[in-house]
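The values are calculated or read from the model by the stated rules, or taken from the named source; none is laboratory data. This is a predicted model, so every value here is computed, not measured. Virtual Cβ from ideal backbone geometry, glycine too; neighbours counted across all protein chains shown.
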Amino acid sequence: MNDYDKGLLNRRRVLGDAWVDQSLARRDEFNAEFQDLITRYAWHEIWGRPALGDRARRLMVLSTLIALKSYEEFAMHVRAALDGPPESRLTPDDIKEVILQAAIYCGVPAANHAFSVAREILREPGLTAARP
């Protein structure tokens, strides 16, 4: 199995088949190399490392995305964290704690918006995690 295929397995495990299929369906001549790059490096080389595990990486990614004010990616990772495999799934309380921590280090406005994004996701039907 090559690095791309290993990365694709990790990407599907963390984000779910539906999201990955949707992302790959948007692949075209313009962004195909980028899709290949992130699948090989982000999803294989980084998410495939055994030291931290998916749960710790999920927490780190959420806080980083708040710091970057990358709320579209934050929303995607919140959904994936709430609906992921049981061994790495986050609870609404876990996500709340990440946002509270980020309020101190990333700023109250960033955390305020992250709470708003997460609250809307928690209200979506069909998620595995319990709603607040």
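Taking the stretch 46-71 on its own, how many of its residues are outside any helix (DSSP H, G or I), under 14 Å from Ala110 (Cβ atoms) and aromatic (Phe, Trp, Tyr)? Before the answer, list the steps.
Taking the stretch 46-71 first, the residues outside any helix (DSSP H, G or I) are 47-52, 68-70.
Of the ones still in play, those that are also under 14 Å from Ala110 (Cβ atoms) are 68-70.
Of the ones still in play, those that are also aromatic (Phe, Trp, Tyr) are none.
Matching residues across the stretch 46-71 total 0.
What single numbered condition from (1) under 16 Å from Trp19 (Cα atoms); (2) surrounded by 13 or more Cβ atoms within 10 Å (Cβ to Cβ); (3) among the charged types (D, E, K, R) fails to hold for Arg55?
(1)
Within the stretch 1-48, can you find the residues that are within 27 Å of Val98 (Cα to Cα), charged (D, E, K, R) and surrounded by 11 or more Cβ atoms within 10 Å (Cβ to Cβ)?
Matches in the stretch 1-48: Arg11, Arg12, Arg13, Glu45.
Please go through the stretch 83-132 and give me each residue that is more than 22 Å from Arg12 (Cα to Cα), among the β-branched types (Val, Ile, Thr) and buried (at least 17 other Cβ atoms within 10 Å of the Cβ), ordered by number.
Result: Val98, Ile99, Val117.
Report yes if Tyr105 is out of contact with any Leu (no Cβ under 8 Å at 6 or more places or on another chain), modelled with pLDDT of 95 or more and among the aromatic types (Phe, Trp, Tyr), otherwise no. First the steps, then the outcome.
Numbers: out of contact with any Leu (no Cβ under 8 Å at 6 or more places or on another chain): yes; modelled with pLDDT of 95 or more: yes; among the aromatic types (Phe, Trp, Tyr): yes.
When the stated conditions are applied, Tyr105 passes them.
Yes or no: Asp36 under 20 Å from Ile121 (Cα atoms), among the acidic types (Asp, Glu) and free of Cβ contacts under 8 Å to residues at least 40 places away in the same chain? Quick ask: steps written out before the conclusion?
Values: under 20 Å from Ile121 (Cα atoms): no; among the acidic types (Asp, Glu): yes; free of Cβ contacts under 8 Å to residues at least 40 places away in the same chain: yes.
So Asp36 does not fit the description; no.
Might you check whether a residue that is among the basic types (Lys, Arg), under 30 Å from Asn2 (Cβ atoms) and either out of contact with any helix residue (DSSP H, G or I) (no Cβ under 6 Å at 6 or more places or on another chain) or at pLDDT below 95 (or both) occurs anywhere in the stretch 111-121?
The initial filter retains those residues of the stretch 111-121 that are among the basic types (Lys, Arg), namely 119.
Retained after the next criterion (residues that are under 30 Å from Asn2 (Cβ atoms)): none.
Looking through the stretch 111-121, none of the residues is among the basic types (Lys, Arg), under 30 Å from Asn2 (Cβ atoms) and either out of contact with any helix residue (DSSP H, G or I) (no Cβ under 6 Å at 6 or more places or on another chain) or at pLDDT below 95 (or both).
All but one of (1) in a helix (DSSP H, G or I); (2) in contact with a helix residue (DSSP H, G or I) (Cβ under 9 Å, 6 or more places away or on another chain) hold for Leu37; which doesn't?
Among (1) in a helix (DSSP H, G or I); (2) in contact with a helix residue (DSSP H, G or I) (Cβ under 9 Å, 6 or more places away or on another chain), the lone unmet condition for Leu37 is (2).
Among the candidates Ala56, Ala110, Ala51, single out the residue that is hydrophobic (A, V, I, L, M, F, W, C) and in contact (Cβ under 8 Å) with a residue 12 or more places away in the chain.
Working: Ala56 fails: in contact (Cβ under 8 Å) with a residue 12 or more places away in the chain; Ala51 fails: in contact (Cβ under 8 Å) with a residue 12 or more places away in the chain.
It is Ala110.
With Phe115, Phe74 as the choices, which residue is under 11 Å from Ser63 (Cα atoms), within 16 Å of the chain's Cα centre (by Cα) and either in a helix (DSSP H, G or I) or of a type outside the set (A, V, I, L, M, F, W, C) (or both)? Break it down into steps so the answer makes sense when it comes.
On the way: Phe115 fails: under 11 Å from Ser63 (Cα atoms).
Selected residue: Phe74, the only one of Phe115, Phe74 that is under 11 Å from Ser63 (Cα atoms), within 16 Å of the chain's Cα centre (by Cα) and either in a helix (DSSP H, G or I) or of a type outside the set (A, V, I, L, M, F, W, C) (or both).
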